[in-house]
Amino acid sequence: MVNEASKEHGGHEVTVTVAPALPVQGHRLALSNLDLLLPPLDVSLFFCYRHPAPTAAALKEALAKTLVAYYPLAGEVVPNADGEPELLCNGRGVDFTVATAAAGVELREVRLGAVDEGVEKLVPAKKAGGVVAVKVTKFACGGAVVGCTFDHRVCDAYSFNMFLVAWAAPARTGSPALPAPSFRRSLVAPRDPPPRAPSTDALIDRLFCPRSAAPPPLPVAASSVNRIYRVSAADIAALKASAGPGRTKLEAFTAHLWRLCSRAASPRQSQCCMGVVVDGRARMSPDGAMRGYFGNVLTIPYGVTGSEDLRRMALADVADDVHRWVAEAATGEHFRGLVDWVEALRPKPAAARAYLGGTGGSEAMACVVSSGMSFPVGKADFGTGLPAFASYHFPWPTGAGYVMPMPSARGDGDWVVYVHVAPELAKAMEEEPTVFQALENSYVFQ
């Protein structure tokens, strides 16, 4: 299939469908109970390559080879008899668009930090169908941006990072990457019968609820902003030191962001809800059996504290609180209990309370942190070298903010931080004298 179009602010675009290099035996693959926790959401990411950038032909050839092992990504999400989403593995393929930037525009002219202005057009805006879409934008300087969008119901960022590394391997070496991913749903199967565990049940009820019983969603700010900031390695180390002994960089960062939320909260937002996305692979299988598992293995614990209290608290005290409620959910028993809980709820969908303000409800300013520290920016070499810059992009349609820190492509310990937040919170970030620094193109293309 080939579709061609001309864009008002750019050059010609051509879209083709890239199918697996080998035939796929059609079948249906059920989504796991942990997949079913996710609503329909698309997640995007992009890599910026200087000249010489990987060619579209090389990327398509490597993609076809990679889709043999990652065949679910070449399928479609369809409803089953109960109305739940599942994967139709039919070898449909991946929509692959090649675009040309406006005449004379060079990659270093793209304002990467101002996401709404510079990045939106570089990732597939919406999949025409299927699970994954790819867009390659070529620039006059010989550089290129490779953007991807995937359906979050099918996999989490950990899984898609596996795919990205696997895709780069044949472009670089000509051979498929090993080992192949695991789609064994038995790794996240419910227990029969599920054991009675009141403390586990109480935590799950605090973190999740049936979507039909969920409180009203938080109002979506009409002017929510998307930004990408940078944070220096020195500022990260200083935050960690201020958070006290035994606290991780992510706990210190989350505590700092939580305090900024309290400064940005409006008078009606008397409380601040901060959530953290936790991966459960190592918790459910300490022996490493789930290291290659492809799918969603996530939970979202959160804390709610009064805005006035947060403003007065020391960073170390806030970091202690973050550590406490993250540790409560970062256990194998919590994840196994969550699988059992979804099984009892099916086919009704669930909702994560962190997105709804937690116990603070509509009176809370809410924000969720998702670590992108496993983002494989140092492995995304498609045969012409590593990217100069890379970031996730997730402007989700909820009233809660979303913040993802990732390693800088410079490899010097700096972070880049994607944020989708209310303008009041972005203002609080930018007024802080340290930590969140504007992403200048002189930093990216030094």
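Counting only DSSP beta bridges whose two residues both lie in segment 197-444, roughly 75 percent are antiparallel. When the pairs Lys65/Lys348; Lys121/Lys379; Lys60/Lys348; Lys135/Lys348 are compared against a 30 Å limit on Cα-Cα distance, Lys65/Lys348; Lys60/Lys348; Lys135/Lys348 fall above it. Across segment 341-421, Cα pairs under 8 Å and at least six residues apart give a relative contact order of 27 percent.
Ligands, DNA and RNA are left out, and with a 1.4 angstrom probe the accessible area of segment 78-194 is 40 Å² per residue. How high is the relative contact order of segment 13-175, in percent, counting Cα pairs under 8 Å that sit 6 or more residues apart? Dividing the mean separation by the residue count of segment 13-175 yields 33 percent. With a 1.4 Å probe and every protein chain kept in, tell me what percent of the accessible surface of the chain is carbon plus sulfur. So the carbon and sulfur contribution to the accessible surface is 54 percent.
Taking R0 as 51 Å, what FRET efficiency do you get between Ala233 and Asp192 from their Cβ-Cβ distance, rounded to the nearest 0.05?
Calculated transfer efficiency: 0.55.
Of all lysines in the structure, the ones whose alpha carbon falls short of 24 Å from that of Lys427, not counting any fewer than 8 places away in one chain, are Lys240, Lys249. Per residue, segment 307-369 exposes 40 Å² of accessible surface when a 1.4 Å probe is rolled over the protein heavy atoms with every protein chain present.
Placing a label point 7 Å from the Cα of Glu328 along the Cα-to-Cβ line, the residues of segment 263-306 whose backbone N sits under 16 Å from it are 272-278, 299-306. Based on Cα contacts under 8 Å between residues 6+ apart, the chain shows a relative contact order of 21 percent.
From helices alone, the chain scores -8000 deg cm²/dmol at 222 nm; the rule is -39500 (n - 2.57) for each run of n ≥ 4 DSSP H residues, then divide by the residue total.
Taking each residue as 0.36 nm, the span from Arg108 to Asn80 lengthens on full extension beyond its C-alpha to C-alpha distance by 5.4 nm.
Asp287 to Thr434: extension gain in nm, 0.36 nm per residue of separation minus the Cα-Cα distance?
Stretched fully, the Asp287-Thr434 segment lengthens by 48.9 nm.
Run the numbers for Ser442 and Ser362: contour at 0.36 nm per residue of separation, minus the present Cα-Cα distance, in nm.
Length gained, Ser442 through Ser362: 24.7 nm.
What the Cβ-Cβ distance of Ser270 and Val165 gives, at R0 = 56 Å and to the nearest 0.05, is a FRET efficiency of 0.80.
A crude spin-label estimate for the pair Leu41 and Ala241, with each label 7 Å from Cα along the Cβ direction, gives 3.5 nm.
The values are calculated or read from the model by the stated rules, or taken from the named source; none is laboratory data. Worth saying up front: this structure is predicted, and the values here are computed from it rather than measured. Neighbour counts run over all protein chains shown; Cβ positions are idealised from the backbone, glycine included. Side chains are part of the model used for accessible areas, which takes the heavy atoms of the whole protein and leaves out ligands, DNA and RNA. Shrake-Rupley method; radii C 1.70, N 1.55, O 1.52, S 1.80 Å.
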